[in-house]
Amino acid sequence: MKTSFYVLSVLAGITMVNVMQAQAAETSSPQQAIPAAAQLCASCHGAQGQGIDIIGPRLAGLSAEYISNQLKLFHANKRQNPIMLAMAATVQGDNIAVIADYFSYQPVDEIQLQFRGDKVAISDPFEAIAFQGDWSRTIPACTSCHGPSAVGGGQFPRLAGQQASYLKTQLLAWQDGTRSGDVDNMMGNIALKLTAAEIDGLSQYFANLK
């Protein structure tokens with residue numbers, strides 16, 4: 001199935017609204033005690049959701065909507081990770097929202113936003129894909145959905161500052177079909193068009209956006 005660019009455009013517009021809300025939350029969220037339901041998560045993701053390299057990705061900076069949805073995708077076996085399948089199974093009912101809300105309110109460093117169109121000529125090939133895409137291969141700009149500087153919002157995760165190893169693993173999972181659940185399989189279609197070098201380069205590029 002081809003990616004629906006109408007759907008992509010609508011979702012991207014929603015993301016732009018959510019981005020500003022996410023940026024405001026980065027510096028205004030008060031520190032809070034970790035709830036009991038989230039304490040098991042902290043063993044891999046850190047008490048403030050900052051992530052532990054290789055062990056668990058950063059949850060801080062992701063929206064509550066996104067975190068909740070990912071837990072439900074693990075419940076539905078649309079995401080495949082042996083550890084997370086077991087961990088997600090322990091999170092049910094109201095605790096999904098408790099965990100999602102807690103980690104979404106954890107602070108992340110504010111970064112200067114770069115929007116699509118800010119640069120006309122981009123020499124870095126990975127930055128070019130991030131902000132301009134490659135329409136010769138029907139690859140939209142990553143920031144079309146993930147927002148300026150890929151800070152995410154709503155159902156689109158923040159890529160900026162995420163672990164490179166995790167980003168690479170997820171792009172490979174989209175490629176081989178072990179991850180699914182997004183609208184129209186957009187990420188699966190996009191990931192299939194990326195080369196191994198592009199996956200490595202994009203993962204490093206977004207990880208360094210801090």
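The values are calculated or read from the model by the stated rules, or taken from the named source; none is laboratory data. These numbers come from a predicted model, not from an experiment. Positions of Cβ are backbone-derived with ideal geometry, glycine not excepted, and every protein chain shown enters the neighbour counts. In case anyone asks, the SASA skips ligands and DNA or RNA and just uses the protein heavy atoms, side chains included. Shrake-Rupley method; radii C 1.70, N 1.55, O 1.52, S 1.80 Å.
For the chain, pairs of C-alpha atoms spaced more than 22 angstrom apart make up 47 percent of the total.
Cross-link partners of Lys72 among aspartates and glutamates, defined as those whose alpha carbon lies under 16 angstrom from its own and excluding same-chain residues fewer than eight positions apart: Asp94, Asp101, Asp182. Quick one: with all protein chains in place, what share of the accessible area of the chain is carbon or sulfur, to the nearest percent (1.4 Å probe)? Exposed carbon and sulfur together represent 58 percent of the surface.
Per residue, the chain exposes 50 Å² of accessible surface when a 1.4 Å probe is rolled over the protein heavy atoms with every protein chain present.
Sequence neighbours fewer than 8 away in the same chain don't count; with that in mind, list the lysines whose C-alpha is under 25 Å from Lys119. Once the sequence-local lysines are set aside, what remains near Lys119 is Lys193, Lys210.
Here Lys168 is the anchor, and the aspartates and glutamates within straight C-alpha reach of less than 14 Å, apart from those fewer than 8 places off in the same chain, are Asp53, Asp176, Glu198, Asp200. Neighbours of Phe131 by Cβ distance under 15 Å: Lys/Arg scored +1, Asp/Glu scored -1, total -3. Value of Rg to Rh for the stretch 70-194, rounded to two decimals, is 0.99; Kirkwood radius and Rg both from alpha-carbon coordinates. Counting only alpha carbon atoms, the long axis of helix 5-28 and the longest principal axis of the chain meet at about 50°.
Scan the stretch 63-94 for trypsin sites (Lys or Arg not before Pro) in coil per DSSP, keeping those whose Cβ has at most 15 other Cβ atoms within 10 Å, and list them by number. Of the trypsin sites (Lys or Arg not before Pro), the ones in loops of the stretch 63-94 whose Cβ has at most 15 other Cβ atoms within 10 Å are Lys78. Between 0 and 90 degrees, rounded to the nearest ten: what's the tilt of helix 164-176 against the longest Cα principal axis of the chain? Result, in degrees: 70. Distance from the alpha carbon centroid of the stretch 151-210 to that of the stretch 109-142 works out to 14 angstrom. Working ranking of peptides 188-197, 109-118 by packing, defined as the average number of other Cβ atoms within 10 Å per residue, highest first, is 188-197, 109-118. Its DSSP H runs of at least 4 residues, each contributing -39,500 (n - 2.57), put the calculated 222 nm mean residue ellipticity of the chain at -15000 deg cm²/dmol, to the nearest 500. Taking a probe of 1.4 angstrom, what is the accessible area of His75 in Å², to the nearest 10? Here the accessible area works out near 70 Å².
Overall form of the stretch 120-210: rounded. Here a/c, set by the Cα gyration tensor axes a ≥ b ≥ c, is under 1.5.
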